[in-house]
Every structure is written in structure tokens, then in C-alpha cells.
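Okay, so here's the structure we're looking at.
The values are calculated or read from the model by the stated rules, or taken from the named source; none is laboratory data. Predicted, not measured: the structure shown is a model, and the values here were computed from it. Backbone-built Cβ (ideal geometry, glycine too); neighbour counts: all protein chains shown.
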């Protein structure tokens, strides 16, 4: 009897706390907190009050991601024309926001650099080439890259890649030269230089792709990627180093499936990977951002409601929708979906609040 009463009281208290949490915030406040968790891609080289992205930023959008070319027509510009245009553009975007806006880009070097030499930016070699040239070359290279970003108004670089070049036939990382090498020692050495130079310019770095994409046999842009039989624990070594030395503010998830880590979900949607492994075991307390949630490894297998619910509940703090497809997703659709899931208690408001605290804490360290 006493046990039944205790369980009843726990349930009542839990209900009261949930009700109190929901009553402590207005619908608008909750929607703004959700918006802060989103990084959105869009098309445009300038911005004005009639643009949807302008309204999104006014509504509390956490960040944007910029690209040079339109993916549906590579002859057209998406966001970046040249250095002068980009500097004016990013200043305009930043001026809209009441909070510090995360202005993101993929600038690794080699095949993955949205800021190109022909548009007035520094040409950055691929990671595998940088590692062959030594530490001094790496320092000068990433110093130039970081200055380019700073001068252009970019404050968040989705780099460096800390994947180990384990599988020589890996088509998404290794054969494209995006890894600094097979050994964690080399990867840690050169990615540390990259991170240090970005930090000197007040640019947030993002380690990717957790828990490791270098052993995969396929590309998560194109579909399901299973690393169960190829992944090894040594792929966690760069993350261990950066976390234990307090050198990382942001980590990006990988859309990879590993039955030994989670027999149901890919890493981006996995509580076992993102909370039990990354948070509890490795001790990461920073911001976890998803890889692009429109990539086929996710979008071909989960609808928007499932994706958002699983990602947030797994421990992801920022949700990336690059809108590199013919059918872009709107911020309102994302916010409405998450809000309805909060009301139905499929997503706890506590997770939203936690994510906002982590984002605010990170941005406070990069105020300049």
C-alpha cells in the first residue's frame, strides 16, 4: 500500500513540475527557444525585411549556414559572390538579430571550401596535404583561413574533420583527402592547430563527425551507412583529447549506424551515442550539432517529426537544415513540429531549456 502511495505521489509531483515548467514560459518564448536551436540554409546574397530569412532571424533563429553555389543549378550563386559582398551580407544578417547569430560555413580546405580563390579568398589545401607539409605550414595555412573567416563575418566553421583515415576506400572522407591521417596522433596534432587558429580569430570550430566516419564504406549524403563491422574505439581518441583538455565548444554528429553502440538508431538520433557515450563517458558538456538532417541517411528513413523528436531526445542541441535540396524546409515547420511534440510530452521542455543554456554559454565566450 505504501509503495502504491509513493508511486502516486511521484507521478503527481512529476505532473506538477511539468505543468509548472510549461506555465513558466509563454508559447512565444518556447517558440523562440526552439528557433535558437535551428541552423538554417537559405538562398540570397542580400537580405531585406520582406525576406523569410529576415523574419526567421527576428523570430530568434539560432544560426544560418552559407554556401557559394546553388545546389540545384551550379551556375547560380546561393549566398557567396565575393569577399566584399560577403562582409556586407554577414553584417546585415548579424544586425537583424537581438542575440548573437551563428553564421556558419563549411571551410575545411580542398574539396570542401565554400570560400574559393576565384572569389577573392585564400585557397586552402586538403587536410591530407597539409599533414604532409608539417606543423609550420599547417599553422600558416589555418591562420590565413581563420583571418578570411573573421574578415568575412563568419563566426562558426564546420571544421576540422577529426575522422581517422582508416578505410582507404572511404569515399566521403579518405579518398577526398578530408582526414589528416590514419593515426589519432596526427589527427590531433593538425586539428589542434586548426582549432587554435580559429579561436584566435574568435571563430567557433566544430569537430566532426562523431563518433567517427573514417571507417565507413558508404556516404551518408546518399543513404544508410553501417559502420558496425568497420568502426573501432580508437576513432574516439581525438574527441577524448579535445574534451579532456577543454579545447572543444562544438561537435557534429555523424549519420552513421553502429549496432554495437545502438542497435536501432544512427548516431544523430541515438541517446546511447550522444548522451551515454559523448556526454557521460567522454564528458562533453558543450553544444552538439547535427549533421544536415536533410541528408538521405536520415530523410529517407525518418519523417520530420521522428527526426526532430529522436535528435532532441538523444541530446542534440542544434539542428542543421542546410536546405541544399529542391524542397527547402521552413523554420515555422520545424518550430511547429517541435512545439506540438512538447505539448504531447514526446519532447520535454527541459531538453529545450538545456540546449538554450548550452548555446548561450558557448556564444558568451565568443562575444566579440
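As a summary of the residue check, residue 83 satisfies the conditions (1) more than 22 Å from the chain's Cα centre (by Cα); (2) buried (at least 22 other Cβ atoms within 10 Å of the Cβ) except for the one numbered (2).
Only one of the listed residues (197, 237) is surrounded by fewer than 20 Cβ atoms within 10 Å (Cβ to Cβ), modelled with pLDDT of 95 or more, in contact with a helix residue (DSSP H, G or I) (Cβ under 7 Å, 6 or more places away or on another chain) and closer than 26 Å to residue 285 by Cα. That residue is 237.
Only one of the listed residues (344, 340, 348) is closer than 30 Å to residue 246 by Cα and either surrounded by 13 or more Cβ atoms within 10 Å (Cβ to Cβ) or more than 20 Å from the chain's Cα centre (by Cα) (or both). That residue is 348. Taking the conditions (1) within 25 Å of residue 55 (Cα to Cα); (2) in a loop (DSSP other than H, G, I, E, B) in turn, residue 347 satisfies each one other than (1).
Assess whether residue 39 counts as being in contact with a helix residue (DSSP H, G or I) (Cβ under 6 Å, 6 or more places away or on another chain), modelled with pLDDT of 55 or more and closer than 21 Å to residue 100 by Cβ. When the stated conditions are applied, residue 39 does not pass them.
Kindly list, by first and then second residue, each pair from a residue in the range 109-130 that is touching a residue at least 60 places away in the same chain (Cβ under 8 Å) and at positive phi to a residue that is outside any helix (DSSP H, G or I) and surrounded by 16 or more Cβ atoms within 10 Å (Cβ to Cβ), limited to pairs with Cβ atoms under 6 Å and residues at least 6 apart or on different chains. As it stands, the answer is 110/126; 110/177, since those pairs meet every condition given. The number of residues in the range 90-112 being surrounded by 15 or more Cβ atoms within 10 Å (Cβ to Cβ) and more than 30 Å from residue 60 (Cβ to Cβ) comes to 2. Residue check: residue 176 meets all listed conditions (1) in a loop (DSSP other than H, G, I, E, B); (2) out of contact with any helix residue (DSSP H, G or I) (no Cβ under 6 Å at 6 or more places or on another chain); (3) surrounded by 24 or more Cβ atoms within 10 Å (Cβ to Cβ); (4) modelled with pLDDT of 95 or more but one, namely (3). From the list 148, 186, 219, the lone residue that is modelled with pLDDT under 95 and either at positive phi or surrounded by fewer than 24 Cβ atoms within 10 Å (Cβ to Cβ) (or both) is 219.
Taking the criterion of being touching a strand residue (DSSP E or B) at 6+ places or on another chain (Cβ under 6 Å) and under 16 Å from residue 147 (Cβ atoms), the only residue of the range 70-102 that qualifies is 90.
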